[in-house]
Amino acid sequence: MTEHYFSQQPQSKSSPKTWKYKLRNKTYSFTSDVGVFSKNEVDYGSRLLIENFEEPTVGGNFLDLGCGYGPIGISIAGSYPNRQVYMTDVNERALNLANRNLEQNHIQNVSLIQSDLFSELDAHQFAAILTNPPIRAGKKVVHAIFDESHQALEPGGELWVVIQKKQGAPSAKKKLSTLFEKVDVIDRSKGYYILRAMRSKC
């Protein structure tokens, strides 16, 4: 069976790598590894999502869904210290790295949870959900993320998604439009789309 970054327990031999990266005008230290999405640097799609994200007007917590080693959640938590950020992933190696990265960047307003999508988040509602979805898991999984995100958002909350055009950005926008009151393309760059879907306030 082929191993993916969304495997729960990667079996590939660990070979961690650490680097520094500037996000939202702050420099962070990140360690990643094989068996985790984007081993060598902060990937372009995640960077685009991080830099475009804007704080919603509604109060509440944020969620980095499928956090990997943690660049999205950590940089957003660093930008908004008064918000609690939840970071979730099914990949145990990714979560261990995310915890390491939280410690080495001295980020404390984060709750790290092992969860297959929303399986361990039943009681939580969020003001914003950010995701670089696992495209290789298939359209069914990606669309399930959209469906469950809509249910997990506070009224007036926002889902922020990065997705490549060649990997289905137009169809993702169409799917989101069936669920959310308003869907905007916030940015396009190098084939990547940043989509913001806003839940109705009532």
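Taken together, the values in this text are just the output of simple stated rules run on the coordinates, not laboratory data. Fair warning: this is a prediction, and the values are worked out from it, not measured in the lab. No Cβ is skipped: glycine too gets one built from the backbone with ideal geometry, and neighbour counts run over all protein chains shown.
Here K22, K173 are placed in order of increasing Cβ neighbour count within 10 Å, fewest first, which gives K22, K173. Scanning residues 5 or more positions from D187 or on other chains, those with amide H under 5 Å from its amide H are I194, with H placed 1.01 Å from N in the peptide plane. Between A144 and K165, the contour length at 0.36 nm per residue exceeds the Cα-Cα span by 5.7 nm.
Going by how many other beta carbons lie within 10 Å of each one, how would you line up C202, C67, fewest first? Numbers along the way, then the final one.
Numbers: C202 6, C67 30.
Listed from fewest to most nearby Cβ atoms, that is C202, C67.
For region 116-169, the C-alpha radius of gyration divided by 2.2 N^0.38 Å, with N the number of residues, is 1.14. For the chain, the share of alpha carbon pairs falling in successive 10 Å distance bins from zero is 9, 38, 39, 13, 1 percent.
For D147, D64, which order do you get if you count the other beta carbons within 10 Å of each Cβ and list the fewest first?
Details: D147 13, D64 29.
Listing D147, D64 from fewest to most nearby Cβ atoms yields D147, D64.
Once C-alpha pairs closer than 8 Å and six or more residues apart are averaged by separation and normalised to the residue number of the chain, the relative contact order reads 18 percent.
For the cross-link pairs K22/K165; K13/K140; K173/K201; K140/K175, the ones whose C-alpha atoms lie over 18 Å apart are K22/K165; K13/K140; K173/K201. In the calculated pair distance distribution of region 79-198, what percentage of Cα-Cα distances lie above 23 Å? Looking at region 79-198, the distances longer than 23 Å represent 35 percent of pairs. Taking 30 Å as R0, compute the FRET efficiency from the Cβ-Cβ separation of D184 and Q108 and round it to 0.05. Once the sixth-power term is evaluated, E becomes 0.40.
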